[in-house]
Amino acid sequence: MAFPLQEIKLPILPFSMLIIISILGRSLHASDPPLTLDYYAPTCPSVFEIVKKEMECEVISDPRSAALIVRLHFHDCFVQGCDGSVLLDDTITLQGEKKASTNINSLEGFKIIDRIKNKIESECPGIVSCADILTIAARDAVLLVGGPYWDVPVGRKDSKTASFELAASNIPTADEGLLSIITKFLYQGLSVTDLVALSGAHTIGMAHCANFRARIYGDFETTSDRSPVSETYLNNLKSMCPATGGGDNNISAMDYVTPNLFDNSFYHLLLKGDGLLNSDQELYSSILGLETKNLVIKYAHDPIAFFYQFSDSMVKMGNITNPDSFVDGEIRTNCRFVNT
């Protein structure tokens, strides 16, 4: 089923949330940037097909590749907008974002983007930005593991800068509270609905023990329905993620039912109280989350509604742009380095 691009409108925020935005001291910026669907039609008409074929190879080789690319895209867009800054390596003159606390143990997939970029450069040198490649690849990643299709507006430029500080402060963490996460989404011009829908990408995600240890030794048993399946799941998690003594880099699927399929199973797990990350389970279990709880219930019972909203929210997130990159941005030859 195709989910066509729809007009993106900013949400009408309740007064309390407008106060939060005022305190943050900035305006929303997930608005309509100068992007179009046919930007590359005259200069690199094969770009979408190239990205699709490369992603097909990657996902066939390792289905987990899909989640890696979606996460890369998310972490890129939440820092300076979707400008490819997350792809930059550290150099003598530039501190990248890869070693920020929110990225260092959670981001992979950089070599996948490198391979796609090399293929596109051989066909259309100096034309397609790394930021656009990552955005298109994230759409194809979702589609290839059973998720929805959406049209991807393109025309982004690559930034010449990165922000280690913003990477550490803008990206939500696994143990963060619900109100703090909502604030970070509003900061980007994304609504509570966008938050719950985009969190559904965790249906194909993996998490490190270090990011869910506090959850499984904390309130997991309080939120869980304690069914035999849930009890077995928790015991398995504890066996590979000890309370003390290492195992930080051991990984577990965030959706243990269908880990390699993009579906609404993630929301069913939240209803059972089996969310792996505290930040995910808060969407349903937090006493402050009436709106988020209702959305979790909605998407658990209506997978089509989830697919439609996820598509819209991904376009909206992809529209978070770095205004500076449209003024002095570039088309990087190598996604890891600013052109010289």
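Given Cα pairs under 8 Å that are at least 6 residues apart, what percent is the relative contact order of the chain?
It rounds to 27 percent for the chain.
To the nearest 500 deg cm²/dmol, what mean residue ellipticity at 222 nm is calculated for the chain from DSSP H runs of n ≥ 4 alone, each contributing -39,500 (n - 2.57), summed and divided by the residues?
Rounded to the nearest 500, the figure is -14500 deg cm²/dmol.
I need the peptides 176-187, 231-242 ranked by packing, meaning the mean over residues of other C-beta atoms within 10 angstrom, with the highest value on top.
Ranked from most to least packed, the peptides come out as 176-187, 231-242.
Looking only at Gly329, Gly146, Gly96, which one moves most when the chain is put into a Gaussian network model with springs between Cα atoms under 10 Å?
Looking only at Gly329, Gly146, Gly96, the biggest GNM fluctuation is shown by Gly146.
In whole percent, and with a 1.4 Å probe on the protein chains, what portion of the accessible area of region 46-328 is carbon and sulfur?
Solvent-exposed carbon and sulfur of region 46-328 make up 54 percent of the total.
Solvent-accessible area of Phe326, probe 1.4 Å, all protein chains present, reported in Å² to the nearest ten, please.
70 Å²
Write down, largest first, the equivalent ellipsoid semi-axes of the chain in whole Å, where each equals the square root of 5 times an eigenvalue of the alpha-carbon gyration tensor.
One finds semi-axes of 31, 22, 20 Å for the chain.
Can you pull the one-decimal nm distance between simple spin-label points at Lys238 and Asp89, each 7 Å off the Cα toward Cβ?
4.4 nm
Past the 27 Å Cα-Cα mark, which pairs from Lys157/Lys316; Lys119/Lys184; Lys184/Lys238; Lys160/Lys184; Lys98/Lys316; Lys111/Lys272?
Distance filter (> 27 Å) returns Lys119/Lys184; Lys184/Lys238; Lys111/Lys272.
Find the cysteines in the chain that fail to meet the 4.7 Å Cβ criterion with every other cysteine, and list them.
By the Cβ distance rule, which asks for a partner under 4.7 Å, the isolated cysteines are Cys57.
At 0.36 nm per residue, and after removing the present C-alpha to C-alpha distance, how many nm does the segment from Ser180 to His301 gain when stretched out fully?
Roughly 40.9 nm would be gained on extension.
How big is the dipole moment of the chain about its Cα centre under a simple scheme where the beta carbon of each Lys and Arg is +1, that of each Asp and Glu is -1, and everything else is neutral? Debye, nearest 20, please.
It comes to approximately 240 debye.
Which distance in Å, rounded to a whole number, links the C-alpha centroids of region 82-128 and region 244-315?
Taking the Cα centre of region 244-315 as reference, the centre of region 82-128 is 28 Å away.
When the chain is treated as a GNM, springs tying every alpha-carbon pair under 10 Å, which of Thr91, Thr258, Thr223 comes out with the largest mean-square fluctuation?
It is Thr91.
Expressed in nm to one decimal, what extension gain is obtained for the pair Glu231 and Lys111 from 0.36 nm per residue of sequence separation less their Cα-Cα distance?
Separation in residues times 0.36 nm, less the Cα-Cα distance, equals 39.4 nm.
When the chain is modelled as a GNM with alpha-carbon springs shorter than 10 Å, which of Pro323, Pro148, Pro172 fluctuates the most?
Pro323
Rolling a 1.4 angstrom probe over the protein heavy atoms, how many square angstrom per residue are accessible across the chain?
Averaged over the residues of the chain, the accessible area is 42 Å².
Share of Cα-Cα pairs in region 248-299 beyond 12 Å, in percent?
The share of Cα pairs beyond 12 Å in region 248-299 comes to 62 percent.
The values are calculated or read from the model by the stated rules, or taken from the named source; none is laboratory data. The model shown is predicted, which means the values in this text are computed figures rather than measured ones. When we count neighbours, we look across all protein chains shown, and the Cβ atoms used for this are built from the backbone with ideal geometry, even at glycine. Heads up: the accessible areas ignore ligands, DNA and RNA and are worked out on the full protein's heavy atoms, side chains in. Shrake-Rupley method; radii C 1.70, N 1.55, O 1.52, S 1.80 Å.
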